[in-house]
Each structure stands twice: as C-alpha cells, then as structure tokens.
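Notes for the one structure printed next.
The values are calculated or read from the model by the stated rules, or taken from the named source; none is laboratory data. None of the values given here were measured: they were computed from a predicted structure. Here the Cβ positions follow ideal geometry from the backbone for every residue, glycine too, while neighbour counts run over all protein chains shown. These area figures cover heavy atoms from the full protein model, side chains too; ligands, DNA and RNA do not enter into them. Shrake-Rupley method; radii C 1.70, N 1.55, O 1.52, S 1.80 Å.
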Amino acid sequence: MTALKDEGHFEDCAECGICSNEVFEVRHPHISTLKIISMFDADSYMCPLCKHKHCNHLQEGSDRLRMLMGSSTLFRIWKVSSYAPFMHVDFDCIVGGKINDVHASFLYQCNKVTNPMDIVIACGVNNIMTDDCAADIIFQFKQFISSIKQHSKAQKNRFPSKVVLATIPFAPKYTDPMLATRNMKEKVRKVNAWIKEFNDKESGQHLNLHLYGVRGNPNMDPIVHKYNEWREESQLKKLHLRKFVKDRISVELIDIFRNLRKMRLDEILRPYRKIIQASKFKLSRISNAE
C-alpha cells in the first residue's frame with residue numbers, strides 16, 4: 001500500500017476509509033466520487049466536484065460509467081477552467097498512489113458495480129523511481145486491466161468496459177539530463193512503448209501525457225524540458241504539471257470519453273445499419289425490375 005501508519009509517509013492524513021482494512025491502516029489523500037455517490041440512496045445527487053445534479057448512476061440498470069483513475073498526476077483536473085464534460089465523469093485519485101494502490105481501489109469499490117465502464121488510467125509515475133523495472137510496471141498494468149475485463153465478464157456486460165492508459169510523463173525529477181545516476185528515461189520509454197501498443201489494440205484512443213512539459217517527442221527524441229510547465233520550484237524536484245497545462249490535458253481527456261461513447265453507439269447501431277443497407281438494396285432491385 002502507498003502509506004501505512006508505520007511508514008509515516010502521510011501520517012497527518014486521516015485514515016483512508018476505502019483502502020484500510022482490519023490488518024492495514026492506510027493514510028493518504030484519496031478522492032473518490034464513487035465513495036461519495038454510494039452515500040446517497042436517492043435517484044439523484046449533487047456532485048461536489050462538478051457542482052451539477054446527476055442521476056445516481058450506481059443504481060442497477062443505469063448507464064455506462066466514465067471514470068478517471070490514477071495518482072496525483074491528474075489530481076484536481078476537474079478544477080481547471082477548460083473542464084466541461086458532456087456527461088458526468090467519476091474520479092478516483094490517490095495522491096502518492098502506485099499502480100497496485102489504484103488497482104486495489106478499483107477492486108474495493110467496483111466489486112458491486114454492475115455498469116460497464118470507460119476508464120482512463122493515469123498512474124505509474126510513483127513506480128518509476130522505485131526498484132520496479134519496466135517489465136514489473138507493465139505487468140502491474142496488465143493485472144489491473146485484467147481485473148477490469150474480468151469485472152465486465154462477471155457482469156455479462158453486452159458492451160464490455162474499455163480502458164485507455166495515459167502515458168507516463170517525462171518529469172524532470174526522474175528524467176532530467178542533470179541526473180547522472182538514477183535517470184529513468186529509458187524505463188519510461190519502454191513502458192510508454194507498451195502503453196501505445198495496448199491503446200492501439202484496445203480502442204485507438206491515447207492520452208499522451210509524455211508530450212506535456214517537454215519539447216518534441218521524448219519517447220524518441222532527446223529530452224528537452226519546458227521547466228515553466230512543471231509546478232515545483234527546484235528543477236530536480238519537478239514532478240507535477242501546472243494548472244495551465246492540465247487545462248490542455250482536460251480537453252484531450254473529454255475528447256477521449258466522447259470518442260469512446262461514439263464507438264459504443266456505432267457498435268449498437270451496426271446491426272441496424274446492415275438491415276437498412278439490405279433493405280435499400282432490395283428496394284433498388286425491385287425498382288430496377290419495374
């Protein structure tokens with residue numbers, strides 16, 4: 001887990017009611033709209049993040065969920081001025097969370113959810129500076145994705161859940177050229193190459209966080225940082241993108257959810273389009289015969 005009481009990493013935080021259990025007391029900042037919604041029995045509720053009234057989409061038979069899960073990488077993106085989703089989006093963000101922490105949060109909260117989901121996952125940054133190699137990080141992503149797919153199978157969703165993985169940004173904290181040792185750029189490149197391959201096969205949708213805070217494409221080109229796009233003051237501590245950068249990312253995020261919705265509608269309508277095409281063909285033959 002990200003932060004146990006013994007480790008003191010977030011010792012001033014309240015105990016996390018989602019991630020703690022009888023054995024472990026976990027302390028970390030954890031924002032979860034699913035947790036908030038579960039407190040409402042009514043058919044609708046006032047969302048504290050977007051300040052709009054929504055139908056309670058956790059009730060049985062409700063619509064597909066749209067959710068961003070991750071660490072602090074996109075924490076509070078719902079507060080930027082450009083964030084204007086066409087439909088409600090749920091958030092589950094753990095500050096300091098690693099991939100397995102976010103995965104555990106999904107298991108804890110979604111085991112009773114029957115809805116299929118469109119999930120964007122933006123985490124992995126906090127795995128980069130650990131002893132996890134690229135293969136370890138990729139394996140953890142695969143386990144997480146497998147749990148989401150298994151959830152869809154268990155619920156017998158007609159249109160299964162879709163996953164989009166955000167690439168890992170090239171934060172100066174672990175990829176700055178000044179870092180003679182412990183420079184993690186090759187690890188990030190390997191993980192991002194696998195993420196691109198996965199997204200291409202899964203949906204064709206990409207959240208390319210590796211293109212923010214840098215010039216060019218650091219997956220292939222030399223790394224040149226735009227230091228003014230990173231929040232921290234010290235060059236070698238820069239890890240989080242600034243609010244005006246998240247403004248641009250939020251537009252890309254909403255486009256992904258919109259495109260996933262369009263893909264699902266196309267799936268639903270495809271059989272009917274075939275019927276219409278066949279009917280048009282028959283009518284044209286009858287017309288020609290006459």
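For this structure, a couple of remarks:
- In the range 195-202, the condition of being in contact with a Lys or Arg (Cβ under 6 Å, 6 or more places away or on another chain), surrounded by fewer than 23 Cβ atoms within 10 Å (Cβ to Cβ) and not in a strand (DSSP E or B) is met by no residue.
- Residues in the range 169-186 that are assigned to a loop (DSSP other than H, G, I, E, B) and exposed (fewer than 12 other Cβ atoms within 10 Å of the Cβ): 178, 180, 181, 182.
- Condition met for residue 160 (in contact (Cβ under 8 Å) with a residue 24 or more places away in the chain, more than 20 Å from the chain's Cα centre (by Cα) and in a loop (DSSP other than H, G, I, E, B)): no
- For the range 33-86, filtering for residues that are modelled with pLDDT of 75 or more, open to solvent by 40 Å² or more (accessible area, probe 1.4 Å) and among the basic types (Lys, Arg) leaves 3.
- Within the range 87-99, tally of residues that are open to solvent by 10 Å² or more (accessible area, probe 1.4 Å) and over 16 Å from residue 33 (Cβ atoms): 2
- Those residues of the range 102-113 which are within 15 Å of residue 27 (Cβ to Cβ) and either open to solvent by 10 Å² or more (accessible area, probe 1.4 Å) or not in a helix (DSSP H, G or I) (or both), in sequence order: 104
- Within the range 123-148, being of a type in the set (D, E, K, R) and open to solvent by less than 60 Å² (accessible area, probe 1.4 Å) holds for one residue alone: 132.
- Of all residues making up the range 186-238, the number that are among the aromatic types (Phe, Trp, Tyr) and free of Cβ contacts under 8 Å to residues at least 12 places away in the same chain: 0
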